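Take a look at the structure set out below.
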Amino acid sequence: MRPISLPALMYHDVGPSSIGTPRGHSVTPEQFEKQVCWLAQRGYVGIRPSDWVTSRRSGEALPRKPVIITFDDGYAGVAKYGLPILERYGFGAVVFVVTRRIGATNTWDQARGYKSIPLMSADEIVFWASHGIEFGCHTRTHPHLATLSTAEIESEIAGSREDLAAILNQVPVSFAYPWGAFNGAVHKCVRGAFDLAFSTRRGLNLPTTDPHLLRRGAVNPDRSMLDFAFRVIFGFNPLGKPEDLTLEVQHWLAAQPEP
């Protein structure tokens, strides 16, 4: 029997604290292990998007308390620090990679004045895919998809699927919208290319949730374990201050084209 709801958590990088990166960009390895340990102690099991797809299609049972841990962009720190922690706890997860930047750096953040950070190599992707971690697509170059032409949208979305399939010898099932930005044309293209797609909308995923606009709770390194618990249980922090900009809003604002 499928669970009534499915929480999904959104991370970016894992690594030592560093200046020159966007706010909320990275959690330390110590923070991340504490969070994964919290989940494991309470009976949560890290599943992969393909597990959710199988359950939706066949009714195959999932763990009683599943959670999907997601990482956007495919930073090398995730492979170095984050994925070994997940492996120790027996958790699956998904990493969304920018396929034309694999083995390179985060040019989309550098263009906004932030520091250069290395991204996973193809060898690291293949290695961790063989160790139970799933990989999905985050476009080819991390553009603001809603500003592109139909042909450019197709290249970024369907093209990224082809790029990653060539590395993994397997077609990826999931996608994440850069900065959470999309419009009708983007949503349509994603539906045609992937089984699932993750947005930056907050909340839990229900059987009725659009599978191509799945919700995620953003994990902010500046927040408490209580905040983390709320994001797992509710998909957001109901005690948060209304005037606080959430990560999803910050990312959206940063992605808007210049007037």
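The figures follow:
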{"item": "Residue, surrounded by the most Cβ atoms within 10 Å (Cβ to Cβ), within the stretch 171-182, restricted to residues that are within 21 Å of GLN110 (Cα to Cα) and not small (Gly, Ala, Ser)", "result": "TYR177"}
{"item": "Residue check, PHE236 at pLDDT below 95, out of contact with any Asp or Glu (no Cβ under 9 Å at 6 or more places or on another chain) and surrounded by 18 or more Cβ atoms within 10 Å (Cβ to Cβ)", "result": "yes"}
{"item": "Residue within the stretch 191-198 that is farther than 18 Å from PRO49 by Cα, open to solvent by 10 Å² or more (accessible area, probe 1.4 Å) and either modelled with pLDDT of 95 or more or not polar (S, T, N, Q) (or both) present", "result": "no"}
{"item": "Boolean, LEU168 is at pLDDT 95 or above and either surrounded by 18 or more Cβ atoms within 10 Å (Cβ to Cβ) or polar (S, T, N, Q) (or both)", "result": "no"}
{"item": "Check on ARG223, under 17 Å from the mean Cα position of the chain (by Cα), of a type in the set (D, E, K, R) and at pLDDT below 95", "result": "no"}
{"item": "For VAL95: the one exception among (1) hydrophobic (A, V, I, L, M, F, W, C); (2) assigned to a helix (DSSP H, G or I); (3) under 18 Å from SER121 (Cβ atoms)", "result": "(2)"}
{"item": "Yes/no for TYR75 being of a type in the set (Phe, Trp, Tyr) and either on the phi > 0 side of the Ramachandran plot or open to solvent by 40 Å² or more (accessible area, probe 1.4 Å) (or both)", "result": "no"}
{"item": "Tally of residues being among the aliphatic types (A, V, I, L, M) and either touching a Pro at 6+ places or on another chain (Cβ under 8 Å) or open to solvent by 70 Å² or more (accessible area, probe 1.4 Å) (or both) across the stretch 150-165", "result": "3"}
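The values are calculated or read from the model by the stated rules, or taken from the named source; none is laboratory data. Predicted model only: the values in this text are computed from it and were never measured. Neighbour counts run over all protein chains shown; Cβ positions are idealised from the backbone, glycine included. Quick note on the areas: whole protein, heavy atoms, side chains included, nothing else; ligands and nucleic acids left out. Shrake-Rupley method; radii C 1.70, N 1.55, O 1.52, S 1.80 Å.
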